[in-house]
Amino acid sequence: MGESNYASLEVNGKKIELPIIESSDGDNGIDISRLRAETGYITFDNGFSNTASSISNITHIDGEQGELRIRGYNIEDLVHNCSFREVAYLLVHGSLPTRDQLTAFSSYLNEHSLIDEDMHHFFSGFPRNGHPMAILAAMVTSLSSFYPDLEDTKDQSFDITAARLVSKVRTIAAFSYRKSKGQALVYPRHDLNYCSNFLNMMFDSSVKPYHIDPLYAKILDKLLILHVDHGQNCSTTAVKLIGSAKANLYAAISAGICALWGPLHGGANQAVVEMLENIMADDGDVQKYIGMAKDRDNAFRLMGFGHAIYKNYDPRAKLAKELVDELFSSREINDPLLDIARKLEAAALSDEFFIERKLYPNIDFYTGILYRALGIPTNMLTVMFVIGRLPGWIAQWKEFIDNKSRIFRPRQIYVGPDLRSFVEIDKR
Ligand code: SDX
């Protein structure tokens, strides 16, 4: 790369200069927009791990240092000093709210916390044991039938749509849990804040009123902040990809929910708990599972470990561990899975295979154990990831739309057959 802001590329004897795009965090890019026109070549990048899909000012991640900043704020500062509502506002509007702005945003969240009564019938169309992620994706898509399309991302309709989604997704999640238990729905209350409302909608009962433990509401609030955004990850890319075709925001968010469901992505929090349960049933034999994870012929992966970007401890996993210590010591909660998780982490972090590959716990390793302690069932864990990530998806979608970015349409390296002549079926 020359001293100037260009990278020189020579291919087939032809030399071209490609402009450098400077970033503010050192991950500079080479703009290859003219590559095919000037050389006839395209690039190939398996999993896009060396390719930027966007120019963004939302989230900075330094994978080597284990650093995460949302709109310039360290994730540690946000978790230690803010509420989820404040951070959701930060993501959607670009700056932390004043007290008046937060009050206005909170009243929007309250105002839009119900779902159309006709939507309640949809729940009965799902089998009681249907996965809540399937229900959530379907219900979010159907929101577009009940609520008008976004007029413009720059006017009040965007603020309302953002608040509507952040609030209604929480309500839909709680309603889907109640329906799965055959229980009556508990409606959101105007006198409860975001997280207390969720816990109350999940667990209140006319015969056994639910006591909202302020510590549980606080832990939930911090957990949601941990998940708010993480740059151009798989599900955020799905949201932007759908958005790039100018499909409505609800359809784009529903696509993000489906992408996040995968066990290599947000579905890992459920897979971690299931893995820990399997180890517990296997006499707690963590070394056996470490061995399976190292065996290249075994498809087993240590769930909650490793990351496409972090080659250091995921800062969110550290913060989740802090929350585990706070909750488990204050409420004398005893979960055998926590002991197994700690043993598994210690064994992996001292094993050459993991050290060499820089595999550390990621956000999903401890968060499932925290949600379990709050009473949230295993099949709802990835739904909780959706609730936390929603402000990030909305912010990333808005940035993409406002930047008037092009439709996502990657090319391919075609290795299929040359032209073949058609043969009638009876002559094949
Ligand atoms: C999330 O992108 C994001 O930002 C996502 C996320 C977000 O907030 O949006 O952070 C949320 O999705 C976190 C990740 C949750 N997934 C898991 O916990 C599933 C387990 N992890 C792995 O499947 C894996 O680590 C991935 C999918 C997360 C990353 O896959 P990569 O990028 O292909 O992994 P890599 O290139 O770092 O792998 C290097 C080596 C390979 O082995 P070798 O070919 O060198 O022999 O490490 C191995 C991998 O096979 N490896 C693992 C492993 N993760 C990587 N081996 C065993 N167990 C693992 N967990």
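Work through the residues other than L319 whose Cβ is under 14 Å from its Cβ and net out their charges, Lys, Arg +1 and Asp, Glu -1.
On the way: positive: R69, K218, K222, R316, K318, K321; negative: E67, E76, D77, D221, D314, E322, D325, E326, D364.
Summing Lys and Arg as +1 and Asp and Glu as -1 gives -3.
Can you pull out the GluC sites (Glu not before Pro) in the stretch 7-109 that DSSP calls coil and that have at most 15 other Cβ atoms within 10 Å?
Details: sites: E10, E17, E22, E38, E64, E67, E76, E86; in loops: E22, E64.
Of the GluC sites (Glu not before Pro), the ones in loops of the stretch 7-109 whose Cβ has at most 15 other Cβ atoms within 10 Å are E22, E64.
Give, as a single signed number, the net charge of other residues whose beta carbon lies under 9 Å from the beta carbon of G284, with Lys and Arg counted +1 and Asp and Glu -1. If you can, show how the numbers build up before the last one.
On the way: positive: K343; negative: D282, D283, D285, D339.
Neighbourhood net charge equals -3.
Per the 1.4 Å probe, what fraction of the accessible area of the chain, in percent, lies on carbon and sulfur atoms? Kindly include the intermediate steps, with their values, before the conclusion.
Working: 10860 of 21510 Å².
Carbon and sulfur together cover 50 percent of it.
Counting other C-beta atoms within 10 Å, and keeping those with at most 14, which DSSP coil GluC sites (Glu not before Pro) do you find in the stretch 105-165? Could you put the intermediate results ahead of the total?
Working: sites: E111, E117, E151; in loops: E151.
Passing both the DSSP loop test and the Cβ count: E151.
With an 8 Å Cα cut-off and a minimum separation of 6 or more residues, compute the relative contact order for the chain in percent.
Working: 560 pairs, mean separation 83.2, N = 428.
Result for the chain is 19 percent.
For the pair F353/D325, report the inter-label distance in nm, with labels modelled 7 Å from Cα in the Cβ direction.
3.0
What is the local net charge at T103, summed over the other residues whose Cβ is closer than 15 Å to its Cβ (Lys, Arg +1; Asp, Glu -1)?
On the way: positive: R85, R99; negative: E86, D100, E111, D159, D191.
Taking every Cβ under 15 Å from that of T103, the sum is -3.
Quote the charge dipole size of the chain about the Cα centre in Debye, to the nearest 20; the model charges only the Cβ of Lys and Arg (+1) and of Asp and Glu (-1).
Values: 45 positive and 54 negative charges, 198 e Å.
With Lys and Arg at +1 and Asp and Glu at -1, about 960 debye.
Determine the per residue accessible area of the chain with all protein chains present and a 1.4 angstrom probe, expressed in square angstrom. Write down the numbers at each step before the final one.
On the way: 21510 Å² over 428 residues.
Dividing the accessible area of the chain by its residue count gives 50 Å².
May I ask you to compute the full-extension gain from A281 to K181, defined as 0.36 nm times their residue separation minus their alpha-carbon distance, rounded to one decimal in nm? Each step should come with its number before you reach the end.
Details: separation 100, 0.36 × 100 = 36.00 nm, distance 2.59 nm.
Going from the current span to full extension adds 33.4 nm.
So which lysines pass the test for K294, namely a Cα distance under 22 Å, with those fewer than 8 places away in the same chain ruled out?
Here the lysines satisfying the reach criterion relative to K294 are K311, K343, K358.
Lysines near K398 by alpha-carbon distance under 18 Å, same-chain residues fewer than 8 away left out - which ones?
Answer for K398, where 18 Å is the Cα cut-off: K154, K240, K246, listed by chain and number.
Helix 381-402 sits at what angle to the longest principal axis of the chain, using alpha carbons and giving 0 to 90 degrees rounded to 10?
On a 0 to 90 degree scale, this one is about 50.
Taking the stretch 164-238, which trypsin sites (Lys or Arg not before Pro) meet the DSSP loop condition and have no more than 15 other C-beta atoms within 10 Å? Please report the intermediate quantities before stating the final value.
On the way: sites: R164, K168, R170, R178, K179, K181, R189, K218, K222; in loops: K181, R189.
Answer by residue number: K181, R189.
Return the aspartates and glutamates within reach of K404: Cα separation strictly under 16 angstrom, same-chain partners fewer than 8 residues apart disregarded; answer none if there are no such residues.
E151, D152
Using the basic label-point model (7 angstrom from Cα toward the beta carbon), what is the E111 to Q65 distance in nanometres?
That separation, rounded to one decimal, is 4.1 nm.
The values are calculated or read from the model by the stated rules, or taken from the named source; none is laboratory data. Computed from a prediction, not measured in an experiment: that's the story for all the values here. Here Cβ is always computed from backbone atoms with ideal geometry, including for glycine, and neighbour counts include all displayed protein chains. The protein model used for the area step is the full one, side chains on, heavy atoms only, and it has no ligands, DNA or RNA in it. Shrake-Rupley method; radii C 1.70, N 1.55, O 1.52, S 1.80 Å.
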